[in-house]
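What follows is a single structure, written as structure tokens, with notes after it.
The values are calculated or read from the model by the stated rules, or taken from the named source; none is laboratory data. On a predicted model such as this, the values are computed, not experimentally measured, just so you know. Ideal geometry is used to build each Cβ from the backbone, glycine not excepted, and the neighbour counts take in all protein chains shown. The accessibility values were calculated without ligands, DNA or RNA, using every heavy atom of the protein model including side chains. Shrake-Rupley method; radii C 1.70, N 1.55, O 1.52, S 1.80 Å.
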Amino acid sequence: MKLKFFSLALAAAAALTCASCSDDDPATAPIPPTKPHVLTDLYIRSNEAKTEVQIPEAAPFQCVAETTADWLKLNITNGNTVLELTAEPNLTGEERKADIVVKETQGGVTLYELSVAQSAIDILSGEIVLKEIFFTSNALPSTGKPDKFHGDQYFIIANNSKRSIDVTGLMIMEGKINSALDSEYPDDIRPQYTPVQTVYCIPKNGDKNILNPGDQMIIANNATDHTKTNPNSFDLSGANYEWYDESSNDRFQDTDYPADNLDIWYTYSLTVWSLHDRGFQGYAIALPPANMTKETFLADYKWEGEYIMHSPVGDISMQISQAYKVPNAWVLDAVNLAVPSAMKILSFDQSQDAGYTYCGNIDMDPERYGKSVRRKTSADGQSLIDTNNSTNDFEPNAKPSLAM
């Protein structure tokens with residue numbers, strides 16, 4: 001009897017020992033990594049309130065997320081597999097950053113590290129792109145050259161994202177640096193800023209400025225039917241916007257057509273601005289912070305300094321004038337233009353556009369008229385190609401889409 005009772009007691013003790021094993025037991029609990037996993041940096045919009053980051057490998061642990069940023073709230077959800085970030089709107093006018101750590105609660109070991117940056121603007125780079133730039137103009141049959149006003153020039157911007165976007169306030173800009181001039185900038189601002197000499201903006205216009213995924217907007221020099229005076233041209237009377245200039249010269253007056261006008265923040269021209277019809281100037285689009293005004297921009301972002309012009313007679317020091325600098329953080333898309341046989345320098349930094357596109361293979365090429373640069377479409381036809389390299393992204397010497 002004593003032996004049987006002793007055997008039962010041993011069995012009970014063994015059963016009790018097995019039931020007490022759990023994830024909290026050092027023998028079976030998951031072992032934290034010796035080094036934290038570094039997650040891909042996260043970039044969010046100025047008004048992007050809530051974002052989720054997957055952290056599936058953290059599931060075996062009880063976790064807590066921490067940051068020193070007072071504008072960011074963190075929460076671990078869905079069985080320790082999702083890090084939820086809730087950000088306050090960024091009204092600072094500048095990009096801001098925060099570092100996040102995900103820790104195991106019991107031992108305080110850091111499991112994950114993550115950096116998040118919040119843009120000063122509500123559209124991310126690449127969501128709105130320049131789809132086409134028609135800068136060469138169409139030649140008149142009578143002269144073989146365009147008219148002096150280049151009225152049928154246009155931009156097409158497109159929504160290349162999967163969300164509806166309000167493009168109110170979008171800047172349409174011409175680069176200051178001429179790609180055909182052999183120039184050097186000792187204090188090169190291009191890695192931080194986009195140097196420009198014109199800034200036109202899309203005004204408030206209610207729902208008319210909302211582009212759904214795949215939608216496009218035409219911005220014309222003169223929004224009229226140009227086929228009435230030039231059979232080689234096209235009808236731009238349906239353009240969404242036009243740029244209209246109040247000229248100080250009676251001989252060079254612009255015509256205000258029925259389309260809505262862009263707001264002028266700055267232009268170097270005292271008469272009527274037109275795109276460089278040989279393709280020496282790059283073009284870009286940007287979105288300033290919501291609290292940015294024309295007056296503040298003109299006061300705070302003027303570009304001044306010196307550059308060196310290399311010439312056959314030697315180097316000449318020149319003053320930078322009639323120019324402004326737009327922070328690269330505001331820029332959504334930039335397109336360098338140049339003529340292959342005359343290219344000396346890129347208008348924009350390689351981080352904005354690593355290549356260039358063109359119409360005409362030589363300077364003043366008469367074959368360039370009636371051609372545009374058009375962004376290529378992905379193989380599945382669902383999106384526009386945007387690798388920040390116009391050499392790859394654009395079709396040069398293309399037939400204008402409005403001529404099809």
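Around the Cα centre of the chain, unit charges on the Cβ atoms of Lys, Arg, Asp and Glu (plus for the first two, minus for the last two) sum to a dipole of about 920 debye.
Highest mean packing first, where packing is the average number of other Cβ atoms within 10 Å per residue, the peptides 321-329, 192-200 line up as 192-200, 321-329. Over all other residues within a Cβ to Cβ distance under 10 Å of residue 289, the charged ones net out to -3, with Lys and Arg as +1 and Asp and Glu as -1.
Farthest towards the positive end of the charge dipole of the range 136-212, among the residues 189, 161, 172, is the Cα of 161, using unit charges on the Cβ of Lys, Arg, Asp and Glu. Note that the range 239-244 has calculated 3J(HN,Hα) couplings of 4, 6, 9, 9, 9, 10 Hz, one per residue in order, obtained from phi through the Karplus relation 6.51 cos²θ - 1.76 cosθ + 1.60 (θ = phi - 60°); glycine and proline are x. Taking the 0 to 90 degree range and rounding to the nearest ten, how far is the long axis of helix 2-19 tilted relative to the main principal axis of the chain, both from C-alpha atoms? Helix 2-19 sits roughly 10 degrees off the main axis of the chain.
If r is the Cβ-Cβ distance from residue 43 to residue 255 and R0 is 51 Å, what FRET efficiency results, to the nearest 0.05? Computed FRET efficiency for residue 43 and residue 255: 0.75. For the range 200-236, the residues whose backbone nitrogen is under 16 Å from a point 7 Å from the Cα of residue 142, taken along Cα to Cβ, are 226-233. Accessible surface calculations at 1.4 Å, restricted to protein heavy atoms, place the range 278-374 at 44 Å² per residue. Taking the protein heavy atoms of the chain in the context of the full set of protein chains, the accessible area attributed to carbon and sulfur is 51 percent at 1.4 Å. In the chain, one over the average inverse separation of all distinct C-alpha pairs is 24.6 Å, which is the Kirkwood hydrodynamic radius. Using a cut-off of 29 Å between Cα atoms, the listed pairs 148/371; 145/399; 204/228; 148/344 include 204/228 as exceeding that distance.
For the chain, modelled as a GNM whose springs connect Cα atoms under 10 angstrom apart, the maximal fluctuation among 142, 383, 317 occurs at 142.
Selection among 40, 259, 58 by position relative to the dipole of the chain gives 58 as farthest towards the positive end (Cβ unit charges, Cα centre). In the chain, helical runs assigned H by DSSP with n ≥ 4 each contribute -39500 (n - 2.57); averaged across all residues and rounded to the nearest 500, the mean residue ellipticity at 222 nm is -2000 deg cm²/dmol. 3J(HN,Hα) along the range 65-80: 9, 9, 7, 8, 6, 7, 9, 10, 10, 10, 8, 9, 10, 6, x, 6 Hz, from the Karplus curve 6.51 cos²θ - 1.76 cosθ + 1.60 with θ = phi - 60°, whole Hz, x for Gly and Pro. The range 106-176 gives an Rg/Rh value of 1.32, both radii derived from C-alpha positions and Rh following Kirkwood. Taking the charge dipole of the chain about its Cα centre, with +1 at Lys and Arg Cβ atoms and -1 at Asp and Glu Cβ atoms, the residue from 249, 334, 125 reaching farthest to the positive side is 125. Figure legend: label point modelled 7 angstrom from the Cα of residue 308 along Cα→Cβ; residues of the range 177-197 with amide N under 14 Å from it are 182-188. Only Cα pairs under 8 Å and 6+ residues apart enter the sum, and on that basis the relative contact order of the chain stands at 16 percent.
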